[in-house]
1. Whether any residue in segment 33-55 is open to solvent by 80 Å² or more (accessible area, probe 1.4 Å), part of a loop (DSSP other than H, G, I, E, B) and modelled with pLDDT of 90 or more is what I want to check.
2. Return the residue satisfying two criteria in turn: it lies in segment 56-66 and is on the phi < 0 side of the Ramachandran plot and assigned to a loop (DSSP other than H, G, I, E, B), and of such residues it is modelled with the lowest pLDDT.
3. Output the residues belonging to segment 10-28 that are hydrophobic (A, V, I, L, M, F, W, C) and either part of a helix (DSSP H, G or I) or in contact (Cβ under 8 Å) with a residue 40 or more places away in the chain (or both).
Amino acid sequence: MNKKDIEAFAKEAAKSIKTPEDLNQFSQMLKKITVEAALNAEMDDHLGYSVPNCYYSYCYCCASMV
């Protein structure tokens, strides 16, 4: 994402933020996404390949049980 895309995203997201609690939840979500992306990138670099994220008991991306 470039700066213009991030600004557009922030402006769109700000439309739904009405209370301090909304802002807090949005901030927590952004932190979670950012940390997960950074950790996944670190693991990809460490392992030398990308590991799929499997959120279900059966992983359709690697066709195996998780």
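The values are calculated or read from the model by the stated rules, or taken from the named source; none is laboratory data. Owing to the predicted nature of the structure, the values given are computational and were not obtained by experimental measurement. All Cβ positions, even for glycine, are placed from backbone atoms using ideal geometry, and neighbour counts span all protein chains on display. Please note that ligands, DNA and RNA were not included when accessible areas were found on the heavy atoms of the full protein model with its side chains. Shrake-Rupley method; radii C 1.70, N 1.55, O 1.52, S 1.80 Å.
1. Checked segment 33-55: no residue is open to solvent by 80 Å² or more (accessible area, probe 1.4 Å), part of a loop (DSSP other than H, G, I, E, B) and modelled with pLDDT of 90 or more.
2. First pass over segment 56-66, keeping only residues on the phi < 0 side of the Ramachandran plot: 56-62, 64-66.
With assigned to a loop (DSSP other than H, G, I, E, B) added as a condition, the list becomes 56-57, 60-62, 66.
Values: Tyr56: 49, Ser57: 52, Tyr60: 54, Cys61: 58, Cys62: 57, Val66: 44.
Of everything passing the filter in segment 56-66, Val66 is modelled with the lowest pLDDT.
3. Taking segment 10-28 as the starting set, the residues that turn out to be hydrophobic (A, V, I, L, M, F, W, C) are 10, 13-14, 17, 23, 26.
If the condition is that a residue be hydrophobic (A, V, I, L, M, F, W, C) and either part of a helix (DSSP H, G or I) or in contact (Cβ under 8 Å) with a residue 40 or more places away in the chain (or both), then Ala10, Ala13, Ala14, Leu23, Phe26 are the ones that fit.
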